[in-house]
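Q: Attaching a single structure in structure tokens format; questions to follow.
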Amino acid sequence: MSRLDTTDIQGFVLRGYALPFARYLFLNIDDAQRGRHLIGYVTKHVTTGEHWDAGKPDWTLNIAFTHPGLVHLGLPDTSLLTFPVEFFQGMKARGEILNDTGKNAPNNWDPMWRDGRIDLWLAVNSKTKEMLDGRCADLEELVSKTGGTKIAGTQDAGALRIDGQWSTKEHFGYTDGFGNPDYLGVERDTQPGQGKLMPDGTWAPLATGELLLGYADEAGELPVAPVPHLLANNGTFMVYRKLHENVATFRRYLEEKGQLYKGGKEKLASKFIGRWRDGTPVELSPNAPDTQIVKDKQKNVNFTFGNDLNGTRCPIGAHVRRTNPRDAFGFNGRLVNRRRITRRGLPYGSYVPEDQLVRDEDERGIIFMALNASLFRQFEFVQQQWVEYGNDARTGNDKDILLGNHEERDKYTIQGTADWNNPPFVCGGLPHFVELRGGDYFFLPSMTALRMIAAGTVDPR
Amino acid sequence: MADQSGSVYGLTILSPIKQNPSAEVSHSCAIRKVLAGMPRDERSPFAKVSSTHMARLVVMDDVVFVGMPSCEEHLQSQYLIFETNFDGDLDTYLERMVDEIRDEVNAVWQHCWGFPGTDEVSKFKAYMKNCQVTTTFFFADVNDKTVQDTLLALQSQAAVSEFIERNQDKPPAEVQKQFAEFMQKLGNAPPPVPGRPGMGGPARMETKMVWASTMDGRR
Amino acid sequence: MTNINHKTYAMNAITPMKWWKTWIVRLFFLYLGEVTSAQSDLKQLSFIHFARWVIVKRNQFPHITPEQPKESMRYDYLLFFSNFNGTWNEYIDAFSAVLSDGLNIIWRWSEKFPGSVPVTPFKQYIARCQFDTDYYYTAYPYATTNDVKAAHRVKAALNQLEKETAGKSPEEFAQAYLKFLVAVQCDIGETGRAPVGS
């Protein structure tokens, strides 16, 4: 296929920046024309996917829109009506499908998400706090100068600082960031295991259309996209979810169950996710973490479940196995290829070491952001069928232990062997480790589309 | 035999529906009205004919016109489709329909051409067999277990899952004792009810641990 | 929605076939019936409880009484009835992804069948040919076919455990119980409400 025009694609889509500080500004657009002026100014500074010849920039800027945001910018009806249905409805309205009910229902969300209407997402990532504050102050000034928009709220996020170092861990202590998919045409440090499984056991990149609109997807079709082509091409959809983590509850649950589980606390933690907290894949090393594997790019994502159908190494309901079953369903993994997502999330809130007091109600968690060409077929499917339900994983109604919106009877079974040092173990009385506090669906347009939106020249066929 | 897979029988019946242009409510609408009011859970008539795994009733208004260059054509009558998957043989099933749900059968099938009613079992059976179309291929994922087998298995499964969790950390003698009590209780449990969402079975013991979010993280 | 009863979806579809093509479909089904390994993919997908295909030849629509008008159709019709788990989209996506050859052999003789790949025209065709269920009953609404199969395995293991440990010491019981746990450890998921149809 022809090479991607990386200068037309927003950088956030093509790479995780790995800059330690981030702030997201959420705007309302009250006046279409002045809103477009703002977009015009901002677009001049948006970070694209172009190659960083001079090394990583000090700061980056990206922009995305909800459907109401596009409405308020005055896009023509034909364009607005050809966006996919789930994007048009927005994440709040899709709550029943996503099982965002009970504790995760919108009435428990942060006021900005519960009551407000978010139109625009501006994301600044930076090397230092000063640069972050500086760039955001510039943006705030721009907003007040252009008028017609206002900042409804902000959200800070950033890498956790643990033992004086930047870490890729999140608050429960798990090392995050493995396993983002490879896509055809997207330049990247490829590791075996990131792509799709081929019949000969090797890994190949996924079709570009699983990430970007305007390209063929894994089913050999073009993903549902708005008209005109120029509005859609090189764009993608993002789901943004603020996931509050009840760290005190998690630590206490792990401690208590860890005393009962024969393998001990760390092994128990590894069985929840399918990776040890240092990142070692349980499938490759079920009995102990292994820094060699974690550091080895040829290994740390390179595993399959075909020889572990009974979950003895990696439990059948473990998080990484639920969200990327690889070959666990047979058929050489073909059922999974259209259900992959690219994650770009970051933790928020300050890290508290394990031996110190921490409270559930403090602001602490993960800003989960995932990119995919089809929210319905990718994120929503994984969330509804694989996280909040378990029929495909053969766990019946039992959900993902950490993310699941648990009900009374839910439990998590860790498969074991006929050995008293490693028996099957059931975790019951599951609390809500994670609670949803807000979010929405966003469209990340290409640079071309941004300029068209800013100039008001979106013209459907 | 194409209608059978293992111990499960796949019956497909197409009953032509009467048409009366002068009636205020057409026969097919009347059938639909009856079906809309029929309960679908354990109060369903098919729960009473308890050898039924799954059953559906569909009013097929017409064939489908898929578009040019295919020819457009239409059926002269609408058909009531009865698709059911049950244990045992056809004669017994039809007899049970007459024995146990004759009112519902009459309410639905009275709108069909040549329906003889349910007063004479042999006539009813002959009518249904007349309306039967042979299944060309029948797939049953589980084809060697009756409805009762499956319901009892599901009941046991739910009970076992709870037993395992509750007795996880107990010493062997205690687990053995609990197991004996458990098997007794399971054996005496009321038989599970077909069609009911949720499990019938031994009452669930309270094992809820409440994790209050205001508790601190001290060990 | 009446097509759905908790975890199971009742799909009905009818497609027209030129009468001289019907025998090919019958032949294929004969093969499928005799060669059970051909059904293995279907069983591995594991989301159908019961499914059937019914060929109604153009002169085989039941004619019960003389008063009933006679049918005079040009096409034969292939009826399809499925009782499956999961959403409509998931079901068709899965079939299109891994069983496209089988689907094609069955349906390519139907008028205007677009092929089971790519998936969108295939879904449009199914939507055209599908007609809704008016009444749907299932004896085990909270159980998928995975749940049913798992339950049978659990029950068998439970009976085995009871038999094996009758009159045994606690230590012997404990050993047998451990083996039992391992035997059922992948089969004790809860059953319950289905995710909302989407």
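Q: Amide H of residue B:198 versus every other amide H placed in the peptide plane: which residues, excluding those fewer than 5 positions away on the same chain, fall under 5 Å?
A: C:142
Q: Another question, then. Would you mind getting me the FRET efficiency between residue B:7 and residue A:278? Use the beta-carbon distance for r and R0 = 60 Å, nearest 0.05.
A: Efficiency at R0 = 60 Å is approximately 0.70.
Q: Got the relative contact order for chain B handy, in percent, Cα pairs under 8 Å and 6 or more residues apart?
A: RCO, chain B: 28 percent.
Q: Further, regarding this structure: Set the Förster distance to 22 Å, then compute FRET efficiency between residue C:168 and residue A:260 from the Cβ-Cβ distance, nearest 0.05.
A: Computed FRET efficiency for residue C:168 and residue A:260: 0.30.
Q: Given the -39500 (n - 2.57) contribution per DSSP H run of 4+ residues, what per-residue ellipticity at 222 nm results for chain B, rounded to the nearest 500 deg cm²/dmol? Don't skip to the answer; put the middle values down first.
A: On the way: 6 runs with 83 residues, N = 219.
Helix-only estimate at 222 nm: -12000 deg cm²/dmol.
Q: Hey, for a label at residue C:41 modelled as a point 7 Å past Cα toward Cβ, could you say which residues of the range C:107-150 have their backbone N under 12 Å away?
A: Within reach of a label on residue C:41: C:116-117.
Q: From the helices alone, meaning DSSP H stretches of at least four residues, give me the mean residue ellipticity at 222 nm for chain A, per-run term -39500 (n - 2.57), in deg cm²/dmol to the nearest 500.
A: So the helix-based figure for chain A works out to -6000 deg cm²/dmol.
Q: Using the Karplus curve 6.51 cos²θ - 1.76 cosθ + 1.60 with θ = phi - 60°, work out ³J(HN,Hα) for each residue of the range C:131-145 in order, rounded to whole Hz, and write x for Gly and Pro.
A: Per-residue couplings from phi come out as 10, 7, 7, 8, 8, 9, 10, 9, 6, 9, x, 8, 10, 7, 5 Hz.
Q: Over 25 Å between Cα atoms: which of A:92/A:399; C:43/C:112; A:242/C:7; A:411/C:163; A:411/B:185; A:267/A:411 fall into that group?
A: In this structure, C:43/C:112; A:242/C:7; A:411/C:163 lie more than 25 Å apart at Cα.
Q: Grab the other residues whose beta carbon is less than 15 angstrom from that of residue B:197, score K and R as +1, D and E as -1, and report the net.
A: With Lys, Arg at +1 and Asp, Glu at -1, the net is +1.
Q: Let me ask something else. Between residue C:20 and residue B:193, what is the spin-label point distance in nm, taking each point 7 Å from the Cα along the Cα→C-beta axis?
A: Simple spin-label model gives 5.8 nm for this pair.
Q: Counting other beta carbons within 10 Å of each Cβ, put C:178, A:19 in order, fewest first.
A: Ordered from fewest to most neighbouring Cβ atoms within 10 Å, C:178, A:19 come out as C:178, A:19.
Q: Grab the DSSP H runs of chain C that are 4 residues or longer, score each as -39,500 (n - 2.57), total them, divide by all residues and round the 222 nm result to the nearest 500 deg cm²/dmol. Present the calculation step by step, with values, prior to reporting the outcome.
A: On the way: 7 runs with 85 residues, N = 198.
The per-residue figure over chain C is -13500 deg cm²/dmol.
Q: Let me ask something else about it. Can you sort C:52, C:26, C:58 by how many other beta carbons sit within 10 Å, fewest first?
A: C:26, C:58, C:52
Q: Can you tell me the orientation of helix A:247-260 relative to chain A, as the angle in degrees between its alpha-carbon axis and the longest Cα principal axis, to the nearest 10?
A: The angle comes out at about 20 degrees.
Q: Shifting gears a bit: Using all Cα-Cα distances in the range C:1-80, what percent lands in each 5 angstrom bin from 0 up to the longest?
A: Calculated over all Cα pairs of the range C:1-80, the distribution is 3, 12, 16, 18, 17, 15, 12, 6, 2, 0 percent.
Q: Report ³J(HN,Hα) in whole Hz for each residue of the range A:110-127, in order, from the Karplus equation J = 6.51 cos²θ - 1.76 cosθ + 1.60 where θ = phi - 60°; Gly and Pro get x.
A: After applying 6.51 cos²θ - 1.76 cosθ + 1.60, I find 4, x, 4, 8, 6, 9, x, 10, 8, 9, 9, 10, 10, 10, 10, 10, 7, 6 Hz.
Q: Using amide H atoms built 1.01 Å from N in the peptide plane, name the residues 5+ places from residue C:5, or on other chains, whose amide H lies under 5 Å from its own.
A: For residue C:5, the qualifying residues are C:10.
Q: Same structure, new question: HN-Hα J couplings of the range C:109-114 from phi, Karplus 6.51/-1.76/1.60, θ = phi - 60°, integer Hz, Gly and Pro as x?
A: Karplus-based 3J(HN,Hα) across the range C:109-114 equals 7, 7, 4, 6, 5, x Hz.
Q: Next up: Work out the FRET efficiency for residue C:117 and residue C:30 from their Cβ-Cβ distance, taking R0 = 25 Å, and round it to the nearest 0.05.
A: Details: r = 25 Å, r/R0 = 1.01.
In this case the efficiency is close to 0.50.
Q: Could you give the semi-axes, largest first, of the ellipsoid that matches the protein assembly as shown, computed as the square roots of 5 times the alpha carbon gyration tensor eigenvalues and rounded to whole Å? Mind showing how you got there, number by number?
A: Details: eigenvalues 485, 282, 111 Å².
Semi-axes, largest first: 49, 38, 24 Å.
Q: Considering only C:99, B:90, A:118, whose Cα is most displaced toward the positive end of the charge dipole of the protein assembly as shown, charges sitting on Cβ of Lys, Arg (+1) and Asp, Glu (-1)?
A: The listed residue farthest towards the positive side: C:99.
Q: Now for a different question. Once the other residues with Cβ under 10 Å from the Cβ of residue B:117 are scored (Lys, Arg +1; Asp, Glu -1), what is the net sum?
A: 0
Q: Between the DSSP loop rule and a limit of at most 14 other Cβ atoms within 10 Å, which GluC sites (Glu not before Pro) in the range C:17-85 are left?
A: Working: sites: C:34, C:67, C:71; in loops: C:67, C:71.
Taking the range C:17-85 and a limit of 14 other Cβ atoms within 10 Å, the loop GluC sites (Glu not before Pro) found are C:67.
Q: Could you tally the net charge around residue A:283, taking each other residue with its Cβ under 10 Å from the Cβ of residue A:283, Lys/Arg +1 and Asp/Glu -1?
A: +3
Q: Moving on to the next point. Excluding same-chain residues fewer than 8 positions from residue A:295, which lysines have a Cα within less than 16 Å of its Cα?
A: A:169
Q: Moving on to the next point. In what sequence do A:23, B:56, A:359 fall when counting other Cβ within 10 Å, fewest first?
A: Listing A:23, B:56, A:359 from fewest to most nearby Cβ atoms yields A:359, A:23, B:56.
Every read-out reported here was derived from the displayed coordinates using simple, explicitly stated rules and does not represent laboratory data. No experiment lies behind these values; they were computed from the predicted model shown. So basically every Cβ, Gly included, is an ideal-geometry build from the backbone, and we count neighbours across all protein chains shown.
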